[in-house]
Amino acid sequence: MKKVALPIFILILFFFNACSTDDGENSDLNTAEATELKNVSYAADAQQTYDIYLPKDRSLNTSVILLIHGGGWTSGDKNDMLGFYEFIKTEIPEVAIVNMNYRLADNGTSPYPMQIDDISTLVLLLKEKQVEY
């Protein structure tokens, strides 16, 4: 009998709210074509990578969905979430999507707070790159 693993996933939807200026400048800094970046590093460990889809006509007010794969913090990969990633790109094309990997725990490495730190690190990096993206 074939074992089928159902990935547990956490889907976090958060909004990047831009600091607005009185004259409304910077409300739409990036109206470029849709862009996709794969295996972007967000920290020193090889497991700390993400894929990002940036929609066409994005602005500082574009919503972002962060996909975090399941696996009980000890297994799994962002590739497990590709179906969700592609579904969201198709069904909600105006949102940005970030699909992340994080460091996995093992017998010698506790999952807490390592994975929370990885998620926080990536969210802070994305906020820093908000204008660029």
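The values are calculated or read from the model by the stated rules, or taken from the named source; none is laboratory data. Nothing here was measured: the structure is a model prediction, and the numbers come from that model. Cβ placement follows ideal geometry from the backbone for every residue including glycine, while neighbour counts extend to all protein chains displayed. Heavy atoms of the whole protein, side chains included, go into the accessibility calculation; ligands, DNA and RNA do not. Shrake-Rupley method; radii C 1.70, N 1.55, O 1.52, S 1.80 Å.
Table for the structure above
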{"quantity": "Cβ pairs under 6 Å, 6+ apart, first in segment 110-133 and assigned to a loop (DSSP other than H, G, I, E, B), second open to solvent by less than 60 Å² (accessible area, probe 1.4 Å) and of a type outside the set (Phe, Trp, Tyr)", "calculated": "Pro111/Ala105; Tyr133/Leu54"}
{"quantity": "Residues located in segment 38-51, provided they are in contact with a Ser or Thr (Cβ under 8 Å, 6 or more places away or on another chain) and surrounded by 15 or more Cβ atoms within 10 Å (Cβ to Cβ)", "calculated": "Val40, Tyr42, Ala43, Gln48, Thr49"}
{"quantity": "Output for segment 81-95, where each listed residue is in contact with a His (Cβ under 7 Å, 6 or more places away or on another chain) and surrounded by fewer than 19 Cβ atoms within 10 Å (Cβ to Cβ)", "calculated": "none"}
{"quantity": "Residue within segment 77-99 that is of a type in the set (Ser, Thr, Tyr) and not in a helix (DSSP H, G or I) present", "calculated": "no"}
{"quantity": "Residue match in segment 96-104 (condition: open to solvent by 10 Å² or more (accessible area, probe 1.4 Å) and small (Gly, Ala, Ser))", "calculated": "no"}
